[in-house]
Amino acid sequence: MKEGKWDRKKYMGMELNGKTLGVLGLGRIGREVATRMQAFGMKTIGYDPIITPETSAAFGVEQLPLEEIWPRCDFITVHTPLLASTMGLLNDSTFAKCRRGVQVVNCARGGIVDEGALLRALRSGQCGGAALDVFTQEPPKDRDLVNHPNVICCPHLGASTQEAQSRCGKEIAMQIVDMATGKGLAGTVNGQALSKAFAPQTKPWIALARALGSVLRTAGKQAQGTPLQEAGSYLTPAMAAGMLAGGAQKDVTLVNALLLAQEAGLKVTTTHGDMAPEPDGSAGLLQVSLQGTPHRVVGTVQGSTPVLWEINGATFKQPAPLTGSVLIYRAKGSEPSTALLPGLLGKAGVQLQSYHSSSTVAGEQWSVVGLSAPLSDLSELKPRVVEVFQLHL
Ligand SMILES: NC(=O)c1ccc[n+]([C@@H]2O[C@H](COP(=O)([O-])OP(=O)(O)OC[C@H]3O[C@@H](n4cnc5c(N)ncnc54)[C@H](O)[C@@H]3O)[C@@H](O)[C@H]2O)c1
Ligand SMILES: O=C(O)[C@H](O)COP(=O)(O)O
């Protein structure tokens, strides 16, 4: 009408009263849709592998096996997550089992209704119409479905109300408060990793994984460039965060570290091996390797302090603490630590807090020096060592 038209004959509707609606997925949204459509006089049947028939009967949905649902429905609406098991839930074969002219609604996730099959069913008349809020690709580049005369669609607007967005904001704020106050995390991506990472007994291990990642980043930076495969435990994101810290990526967190590491092309493996508890309280070894390179660091936690046990095959006689300002270098024999360090630190006004040296491998030794502050200038040291770097952990 806004275009000045009065197409009374073109638009002929269909009563919902007395029609059968199949609701696939009877979670939060599926059941709300069912009860609302009952108000229009629709008969509601449905399927959900988790919700019991007794539960769904209480909100007026008769549950049936999918094979019995297809031929009974005038309308089908999907409200499942997109999973391997729900991808293409409506496909060529299931459309063929439906009543001719069945109408389909997908406001859940693109791909639950196979888009190719839907287009074929629309073109053949097997599907009488579709309402789509979601697409496999958003926005969809292939416009065939959008342009089909029997399709109505909108650009993923199902949650776009002032009220829903406001509730989302409040829920996120509540979850952050819950996390900060040590309460359980519900519905968070990486929730398991985060809740473990914040547990008091695992915090030092997170610090260790970060510290080892930082050591490995600096000792093995020339080896970057292959994709990351290994992921999973809460230690791996922490290690990845350590590897990426100070790099091009900003705001590396335990949640985004693995993704960023993948984007940066890092291929890292972590192994968390058990060992008999030591009298000092250490009870495991975390080993981090950069694949395709000889770089490997091993550490543990003593009390609550992360310590370096081994670097590239050289073990420390006493594990070296990885906290605060740490200077790490590799040198031939014990040079230059004994000769050069005291003078260098004195000049810089920096105090030596700890010194740990490794076993000698191929005539070279690693030293880990705990400092009261980082050294601003390593130029005197560089010619005397094979490699040197500083970390602030
Ligand atoms: N378009 C939008 O803007 C918008 C807004 C909110 C939610 N959504 C989507 O709507 C869908 C439903 O959301 P919800 O909050 O009701 O989720 P929910 O987790 O409460 O319910 C999903 C239900 O699907 C069921 N299910 C899983 N696999 C199934 C299968 N193979 N067959 C049938 N049922 C199956 C589950 O058991 C569960 O009961 C989700 O995909 C969600 O992402 C879209
Ligand atoms: O699942 C939802 O809440 C809606 O589809 C909105 O999705 P979005 O948060 O990805 O925009």
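The values are calculated or read from the model by the stated rules, or taken from the named source; none is laboratory data. Because the structure is a prediction, the values reported are computed rather than measured. All Cβ positions, even for glycine, are placed from backbone atoms using ideal geometry, and neighbour counts span all protein chains on display. Remember, those area values only see protein heavy atoms, side chains included, never the ligands or the DNA or RNA. Shrake-Rupley method; radii C 1.70, N 1.55, O 1.52, S 1.80 Å.
Observations, loosely collected:
- A protection proxy built from the mean count of other Cβ atoms within 10 Å ranks the segments 64-72, 375-383, most packed first, as 64-72, 375-383.
- FRET efficiency, 1/(1 + (r/R0)^6) with R0 45 Å, evaluated for Leu83 and Ala348 via beta carbons: 0.15
- Aspartates and glutamates whose Cα lies under 20 Å from that of Lys382, excluding same-chain neighbours fewer than 8 positions away: Glu335, Glu364
- Accessible surface of region 325-393, 1.4 Å probe: 52 percent of it comes from carbon and sulfur atoms.
- Sequence-ordered 3J(HN,Hα) estimates for region 9-16 from the Karplus curve with 6.51, -1.76 and 1.60 and θ = phi - 60° stand at 7, 5, 9, 10, x, 9, 5, 7 Hz, glycine and proline given as x.
- Full extension of the chain between Leu66 and Arg100 gives 10.5 nm of extra length, using 0.36 nm per residue less the Cα-Cα distance.
- Relative contact order of region 325-393, pairs being alpha-carbon contacts under 8 Å that are 6 or more residues apart, as %: 52
- Evaluated with a Cβ-only charge set (Lys, Arg +1; Asp, Glu -1), region 305-393 carries a dipole of roughly 80 debye about its Cα centre, given to the nearest 20.
- Note, ³J(HN,Hα) from phi for region 144-161, Karplus 6.51, -1.76, 1.60, rounded to Hz, x at Gly and Pro: 4, 5, 4, 7, 5, x, 9, 10, 10, 8, 9, x, 6, 10, x, 9, 8, 10
- At R0 = 22 Å, FRET efficiency that the Cβ-Cβ distance of Arg8 and His156 yields, to 0.05: 0.10
- Near Gly128, the amide H atoms lying under 5 Å from its own belong to Gly101, Val102, Gln103; only residues 5 or more places off or on other chains count, and H is placed 1.01 Å from N.
- Were the residues from Asp92 through Leu378 laid out at 0.36 nm apart, the gain over their Cα-Cα distance would be 96.1 nm.
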